[in-house]
Amino acid sequence: MKKRILHVFGIAMLLLSGTTFARGCDLSVETGDGFTWPSSLSVPSTCSTVTLNLSHSGKMPKNVMGHNWVLSRTADKNAVAMDGMKVASASGYTTAVKDNDDRVIAHTVLIGGGESTSITFSLEGLSASESYTFFCSFPGHSSLMKGEFKII
Ligand code: ZN
């Protein structure tokens, strides 16, 4: 009897570790009416695509406390954020990323309290030896809401 329980436990552990492996390509960032933001995110280089889920649990509208998730090389981050700042008010706070900005690897739309969004992108062309940063490009947020994106 005891042996059988152990056996079932072993299968459950196998299933669990399988699930964890698949989740490595699926990232979640939860934020709110403040500047909560992870300091780093990492994905295995074996992911063919990565899906980033962004959720905003606050109550403030997106023109006041909007958030998005933008990925660029660390060297491009400040310039991308600067351009995004101008786009935010001009677009009515639907986006804070310049159109066709080839410095941007991936980005979501801007969301406000109670909203969520996601983006799926490929790691093709990215390198584990390059430095990447993910940040929120809502005006004034990128110095606080930024983290290191690692390919491992
Ligand atoms: Zn933000």
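Only the coordinates and a few stated rules stand behind these numbers; no lab work does. Nothing here was measured: the structure is a model prediction, and the numbers come from that model. We place every Cβ from the backbone using ideal geometry, glycine too, and count neighbours over all the protein chains shown.
For this structure, a couple of remarks:
- At R0 = 25 Å, FRET efficiency that the Cβ-Cβ distance of D99 and I152 yields, to 0.05: 0.20
- Annotation: amide H of K150 within the under-5 Å range of L41, S42, V43, sequence separation 5 or more or interchain, hydrogens built in the peptide plane.
- The simple spin-label model puts a point 7 Å past each Cα toward its Cβ; for S118 and C47 those points are separated by 1.2 nm.
- Euclidean distance of C-alpha centroids, segment 74-121 and segment 36-67, integer Å: 12 Å
- Under 5 Å, built H, 5+ apart or other chain: amide partners of D26: T51
- Per-residue 3J(HN,Hα) values for segment 92-106, derived from phi via the Karplus relation 6.51 cos²θ - 1.76 cosθ + 1.60 with θ = phi - 60°, read x, 6, 8, 9, 9, 9, 4, 4, 6, 7, 6, 7, 8, 7, 7 Hz in sequence order (x marks Gly and Pro).
- Shape call, segment 2-151: gyration tensor on alpha carbons, a/c limit 1.5: prolate
- Sequence ranges 104-111, 117-124, ranked by mean other-Cβ count within 10 angstrom, highest first: 104-111, 117-124
- For segment 120-135, 3J(HN,Hα) per residue [Karplus equation, 6.51 cos²θ - 1.76 cosθ + 1.60, θ = phi - 60°, Hz, x = Gly/Pro]: 10, 9, 9, 8, 4, x, 8, 10, 5, 8, 8, 9, 10, 10, 10, 7
- Using a cutoff of 8 angstrom between alpha carbon atoms and counting only pairs six or more residues apart, the relative contact order for segment 21-152 works out to 34 percent.
- Segment 2-151 - share of DSSP beta bridges that are antiparallel (%, nearest 5): 65 percent
- Loop-located trypsin sites (Lys or Arg not before Pro) in segment 76-152 whose Cβ has at most 15 other Cβ within 10 Å (DSSP): R103
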